[in-house]
């Protein structure tokens with residue numbers, strides 16, 4: 001995968017860049033004509049991501065419910081100022097949370113405000129610097145022990161446990177709290193009930209059990225009803241990506257100056273995108289280098305005048321756009337038709353500058369090769385040799 005930048009020329013309204021049109025011409029062809037540099041995306045540049053919900057006192061958070069069809073649109077997890085991520089298993093009857101969850105316990109815990117939380121993982125400082133935004137945060141599931149608390153959480157997860165029972169109807173007329181029985185295809189779950197003014201108001205789990213995929217709750221007497229909430233496959237904390245809905249992929253590719261003289265710092269870019277498995281120019285060999293200059297470089301002789309950025313240059317009936325001019329080198333986008341020919345003359349459409357092509361250096365990547373899987377237009381982003389841009393893209397699958 002390569003992140004590419006391009007589109008040095010202006011949009012009709014640079015403050016309101018157009019949305020790319022999802023057509024073959026505008027996705028597979030046009031971006032190649034505007035592209036002038038590409039950088040390889042490494043595994044360190046990519047993470048699963050989920051929407052970010054900061055814990056804030058006084059907020060009513062949703063609670064995890066295996067029967068909730070809109071769960072992944074709910075704010076049933078939070079990140080605290082310590083960068084710890086917690087899943088809400090019980091929201092104290094949809095009341096406001098006033099006690100910040102803390103700690104890295106591998107077991108669910110009850111806060112002073114009645115909320116039951118499950119610690120999931122901590123966003124490391126490195127991950128926070130690279131991937132944490134106002135709206136999204138990174139999420140991962142570990143394949144091996146990396147020394148963090150998350151691995152302990154995964155190892156301690158209880159598959160098919162029941163940590164919460166939701167009271168549907170409290171009944172009435174209870175003189176004492178009725179006994180609670182949980183039955184299903186798992187084993188070991190136990191609970192007791194609490195009554196207030198003859199009504200069942202709470203069922204508290206005393207043992208979560210294991211192996212449940214379905215369960216029913218019965219009271220020894222009266223008309224109260226309740227529903228058992230079963231943990232996700234593997235248990236709470238076993239797979240943070242799946243449990244929190246990591247259907248987003250976040251990329252953060254850092255563009256550092258000229259990237260070894262492959263990225264122009266003389267011009268702006270208005271388009272970013274991703275191309276998968278492009279070929280090296282003139283070959284069918286898949287590109288693997290870290291970065292590529294994607295503009296043509298024409299070394300000129302007999303130069304008259306100074307070519308200006310973004311102007312259209314002409315060679316015969318063929319045209320291209322100027323990305324950079326550093327005497328005697330003229331860098332252009334992909335010519336509209338065939339590449340300019342050696343010994344041919346070129347003329348600037350605005351500057352009227354002229355020159356004769358003495359040598360040609362082709363781009364690094366073969367135009368129209370590979371698959372362009374993402375394109376986004378942006379307001380102009382200026383570059384400089386001592387400047388670093390962090391390009392963050394969030395893609396939903």
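What to note about this one:
- Total residues in the stretch 7-44, condition on the phi < 0 side of the Ramachandran plot and buried (at least 20 other Cβ atoms within 10 Å of the Cβ): 9
- Members of the stretch 1-19 found to be in contact with a helix residue (DSSP H, G or I) (Cβ under 7 Å, 6 or more places away or on another chain) and in a loop (DSSP other than H, G, I, E, B), listed by number: 7
- Filter result for the condition that a residue is surrounded by fewer than 23 Cβ atoms within 10 Å (Cβ to Cβ), assigned to a loop (DSSP other than H, G, I, E, B), touching a residue at least 60 places away in the same chain (Cβ under 8 Å) and on the phi < 0 side of the Ramachandran plot, over 341, 289: 289
- Residues located in the stretch 20-51, provided they are touching a strand residue (DSSP E or B) at 6+ places or on another chain (Cβ under 7 Å) and assigned to a loop (DSSP other than H, G, I, E, B): 20, 41
- The stretch 246-265, residues that are in contact with a helix residue (DSSP H, G or I) (Cβ under 6 Å, 6 or more places away or on another chain) and either over 16 Å from residue 123 (Cβ atoms) or part of a helix (DSSP H, G or I) (or both): 251, 253
- Selection within the stretch 54-87 - free of Cβ contacts under 8 Å to residues at least 60 places away in the same chain and surrounded by 19 or more Cβ atoms within 10 Å (Cβ to Cβ): 55, 61, 76, 78, 79, 84, 86
- Restricting attention to the stretch 197-245, the residues that are surrounded by fewer than 21 Cβ atoms within 10 Å (Cβ to Cβ) and touching a helix residue (DSSP H, G or I) at 6+ places or on another chain (Cβ under 9 Å) total 6.
- Counting the residues of the stretch 292-317 that are touching a residue at least 60 places away in the same chain (Cβ under 8 Å), farther than 20 Å from residue 337 by Cα and outside any loop (DSSP other than H, G, I, E, B) gives 1.
- Scanning the stretch 128-144 for residues that are over 12 Å from the mean Cα position of the chain (by Cα) and either under 19 Å from residue 86 (Cβ atoms) or not in a loop (DSSP other than H, G, I, E, B) (or both) turns up 128, 129, 141, 142.
Only the coordinates and a few stated rules stand behind these numbers; no lab work does. All values reported here derive from a predicted model rather than from experimental measurement. With ideal geometry, Cβ positions are generated from the backbone for all residues, glycine too; neighbour counts draw on all protein chains shown.
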